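The values are calculated or read from the model by the stated rules, or taken from the named source; none is laboratory data. Model, not experiment: these values are computed from the prediction. Cβ placement follows ideal geometry from the backbone for every residue including glycine, while neighbour counts extend to all protein chains displayed. Ligands, DNA and RNA are stripped out before the accessible areas are found, and what is left, the full protein with its side chains, is counted by its heavy atoms. Shrake-Rupley method; radii C 1.70, N 1.55, O 1.52, S 1.80 Å.
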Amino acid sequence: MSERTIEPLIVVGVDGSNHSKEALRWAVAQAAMTGGRVHAVMAWEWNRNPFAIGPTAAETADAVAVTAEEAARRKLADTVAAAVGTSPGVPVFRRVEQGSPAQVLVDASKEADLTVVGTRGYGGFKGALLGSVSQQVVQYSAGTVVIVREAQDEDEDD
C-alpha cells in the first residue's frame, strides 16, 4: 500500500463576501484536521470592447486589464487576512485567475481533493439559497464540493 506524500489540496472560492470568508475559515479548519493545504482562488473577468478603434484604445484596455488583475490580487490578500489572519496554521496560497468565477473554480476542482464555496457571493438576491456560481460548481465540479453557509445575519428578520 503506497503512502500519500502530498498533503490534500482544498480549493476555496473567494470573492470578498462574508459567505466566502466563512468558506475560507471552514477550509482552513478542514486543512488543519487533515494535514492539508488551501488554495484561495479569486477569479476576475475583463471583456475588451470589440468596437474600440485604434491602438490607443487597445493600449488603454490592456492597462485597465492589468489594473483589474492587480485589484483582484489586493482584494484576495485583504480577504484572506481578514478571514484567517496572516498565520492561519496551514499553508494558504492565493491564486488569482482570469475567467468567469464558476469556470475558474470548476477547472481548479480538477486538481483538488475538495472544493469549498460559500452559499452565495455578492451577486444575486439576498434571500437566494444558493448563488449561481455555487450552483455551477456543484453541478460541474470534478470532485467533492462543500457548501458553507454564512452565520445568520443579526439584522435579518428570520
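Before we move on, is Arg48 modelled with pLDDT of 85 or more, surrounded by fewer than 18 Cβ atoms within 10 Å (Cβ to Cβ) and either at negative phi or not in a strand (DSSP E or B) (or both)? Spell out the reasoning first.
Values: modelled with pLDDT of 85 or more: no; surrounded by fewer than 18 Cβ atoms within 10 Å (Cβ to Cβ): yes; either at negative phi or not in a strand (DSSP E or B) (or both): yes.
Against the criterion (modelled with pLDDT of 85 or more, surrounded by fewer than 18 Cβ atoms within 10 Å (Cβ to Cβ) and either at negative phi or not in a strand (DSSP E or B) (or both)), Arg48 does not qualify.
Filter segment 106-146 down to the residues that are touching a strand residue (DSSP E or B) at 6+ places or on another chain (Cβ under 6 Å), modelled with pLDDT of 95 or more and not in a helix (DSSP H, G or I) and list them by number.
Ala112, Asp113, Leu114, Thr115, Val116, Val117, Ser141, Thr144, Val145, Val146
Restricting attention to segment 15-26, does a residue exist that is modelled with pLDDT under 95, in contact with a helix residue (DSSP H, G or I) (Cβ under 8 Å, 6 or more places away or on another chain), open to solvent by 40 Å² or more (accessible area, probe 1.4 Å) and farther than 17 Å from Gly85 by Cβ?
Yes: segment 15-26 contains one or more residues that are modelled with pLDDT under 95, in contact with a helix residue (DSSP H, G or I) (Cβ under 8 Å, 6 or more places away or on another chain), open to solvent by 40 Å² or more (accessible area, probe 1.4 Å) and farther than 17 Å from Gly85 by Cβ.
If I filter segment 74-92 down to residues being among the charged types (D, E, K, R) and touching a residue at least 24 places away in the same chain (Cβ under 8 Å), which single residue comes out as farthest from Thr34 (Cα to Cα)?
First, pick out the residues of segment 74-92 that are among the charged types (D, E, K, R): 74-75, 78.
When the remaining residues are screened for being touching a residue at least 24 places away in the same chain (Cβ under 8 Å), the result is 75, 78.
Details: Lys75: 28, Asp78: 26 Å.
Among them, the one singled out is Lys75.
All but one of (1) open to solvent by less than 60 Å² (accessible area, probe 1.4 Å); (2) modelled with pLDDT under 95; (3) not hydroxyl-bearing (Ser, Thr, Tyr) hold for Gln152, so report the exception by its number.
So the condition that Gln152 fails would be (1).
Looking at this structure, is Arg94 modelled with pLDDT under 95, open to solvent by 20 Å² or more (accessible area, probe 1.4 Å) and within 20 Å of Ile147 (Cα to Cα)?
no
Conditions tested, residue by residue: (1) modelled with pLDDT under 95; (2) part of a helix (DSSP H, G or I).
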{"residue": "Glu7", "(1), (2)": "yes, no"}
{"residue": "Ala63", "(1), (2)": "yes, yes"}
{"residue": "Thr79", "(1), (2)": "no, yes"}
{"residue": "Gly89", "(1), (2)": "yes, no"}
